[in-house]
1. What do you reckon, is THR148 within 15 Å of the ligand (Cβ to nearest atom), in contact with a Lys or Arg (Cβ under 8 Å, 6 or more places away or on another chain) and either free of Cβ contacts under 8 Å to residues at least 40 places away in the same chain or polar (S, T, N, Q) (or both)?
2. Give the stretch 198-211 a look and list any residue that's within 13 Å of the ligand (Cβ to nearest atom) and charged (D, E, K, R), or say none.
3. Find the helices (runs of 4 or more DSSP H) located wholly in the stretch 58-132 whose residues include 3 or more that are open to solvent by less than 60 Å² (accessible area, probe 1.4 Å) and out of contact with any Phe, Trp or Tyr (no Cβ under 9 Å at 6 or more places or on another chain), and list them.
4. Quickly run through the stretch 24-49 and pick out the residues that are surrounded by fewer than 20 Cβ atoms within 10 Å (Cβ to Cβ), in a loop (DSSP other than H, G, I, E, B) and in contact (Cβ under 8 Å) with a residue 24 or more places away in the chain.
5. Only one of these is over 22 Å from GLN328 (Cβ atoms), near the ligand (Cβ under 10 Å from one of its atoms) and within 21 Å of the chain's Cα centre (by Cα): LEU54, LEU46. Name it.
6. Can you go through GLY287, GLY249, GLY324 and tell me which one is within 15 Å of the ligand (Cβ to nearest atom) and on the phi > 0 side of the Ramachandran plot?
7. Taking the condition touching a helix residue (DSSP H, G or I) at 6+ places or on another chain (Cβ under 8 Å), surrounded by 19 or more Cβ atoms within 10 Å (Cβ to Cβ) and at pLDDT 95 or above, does LEU272 pass?
Amino acid sequence: MKTSKKLLVRALNGETLKTPPVWLMRQAGRYLPEYRAIRKNARNFLHFCYTPDLAVEVTLQPIRRYDFDAAIMFSDILVIPDALGQQVQFKEGEGPVLEPVRNVEHIKALSSQGVLDHLSSVFEVLSSLRKELPDDKTLIGFAGAPWTVAIYMVEGRGGTQGERARIWAYQDPQSFSSLIDLLVETTTEYLINQIDHGAEVLQLFDTWSGLLAEEQFERWVIDPTRRIIEGVHKVHPDVPIIGFAKGSGLLVEDYVRKTGVAGISLDCNVPLSWVKDVLQPRVTIQGNLDNQLLVAGGDQLEIGVQKIMANLNTGPFIFNLSHGIVPQTPPEHVARVVECIRSY
Ligand code: CP3
């Protein structure tokens, strides 16, 4: 099937569909027994991401089980710091641990030279997926947005409020911007290569954009995102890019106007009437079922799905979550959501 005829791409090109395309952030992951079975044999998480056979297999698992409209390649946003030469580890039960970047010398020690070679297995995963995916499914590539990746690079672990990165950005914006610029440049190349290898849509994850004050949001979220999208579109003008500026509240309107995203992935703390009236006329909406309601289940889950459908399925729309699926999610709740959307 031609890419432009696929449901996800049609929605991103502004079409209102009777039944919206559906995929879920972190649709491949520990909530699935078939994922855990493969994961337990992998040496460590990064090695798992870099082993094409395994990454392809776990990408396809949720497509087989739920018939989602799109597959997101299995990888992680922290492969970029890893490829830049920063030490990155995923510790069991602890999440990512990085050798922190705290000053200009640390930034200078990073190198964008071998990044594409280092990530060649990711491109292999995409090429295989394009061959193996059912014809009507869209293949999504992704990267972390510079601000969110920089937070992990600077803090050295998850579970923070990005304090160090935020203070650095205020005290010495010039040196902080050299880190952001390096990420803009590297991420742009990385995404262009993902498209060259079969990605049909891209998503930029800016999970921690909601930590920033207005001017800082403009400088460290909107501007780098705009530059990446401009750079990608110079080479591949027709590939739609979805932005996930999580937690950014009212600032998301500016993000939509200035970055060039074709779709905006929303979390669940935005009023749906505002989304419908203000954002949806400009951009395709993706979202925004509370990922904890997906854990909770029950009647509330169906009511939640129906409320989103009633508000947002009257314009260009992609069904998704507020944030990624968590490991405690019962797999049958995911099946119910998909059924509920398709029989709406
Ligand atoms: O969505 C998908 O199915 C594709 C794969 C994907 C993963 N991570 C796999 C993963 C994607 C798109 C990501 C993005 C990602 N990674 C983000 C942005 C989105 C978000 O959720 O906020 C961030 C911040 C990361 C960084 C990261 N990776 C953290 C903080 C952790 C540890 C927390 C956790 O859930 O364990 C990871 C690990 C990770 N990335 C797992 C998966 C399936 C779990 C690790 C495992 O299986 O052992």
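The values are calculated or read from the model by the stated rules, or taken from the named source; none is laboratory data. Keep in mind that what you see is a predicted model, and the values were worked out from it rather than measured. Every residue, glycine as well, gets a Cβ built from its backbone with ideal geometry; the counts of neighbours run over all protein chains shown. Surface areas here come from the heavy atoms of the whole protein model, side chains and all, with no ligands, DNA or RNA. Shrake-Rupley method; radii C 1.70, N 1.55, O 1.52, S 1.80 Å.
1. no
2. ASP206
3. Working: elements: 79-83, 104-108, 115-118, 120-132.
So the answer is 120-132.
4. Result: ARG26, ARG30, ASN44.
5. Details: LEU54 fails: near the ligand (Cβ under 10 Å from one of its atoms).
Checking each option against the conditions leaves just LEU46.
6. GLY287
7. Working: touching a helix residue (DSSP H, G or I) at 6+ places or on another chain (Cβ under 8 Å): yes; surrounded by 19 or more Cβ atoms within 10 Å (Cβ to Cβ): no; at pLDDT 95 or above: yes.
Spelling it out, it is not the case that LEU272 is touching a helix residue (DSSP H, G or I) at 6+ places or on another chain (Cβ under 8 Å), surrounded by 19 or more Cβ atoms within 10 Å (Cβ to Cβ) and at pLDDT 95 or above.
Conditions tested, residue by residue: (1) more than 29 Å from GLN286 (Cα to Cα); (2) in contact with a Gly (Cβ under 9 Å, 6 or more places away or on another chain).
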position	(1), (2)
LEU110	yes, yes
GLY114	yes, yes
VAL122	no, yes
ALA143	no, no
TRP147	no, yes
MET153	no, no
THR160	no, no
LEU191	no, yes
PHE205	no, yes
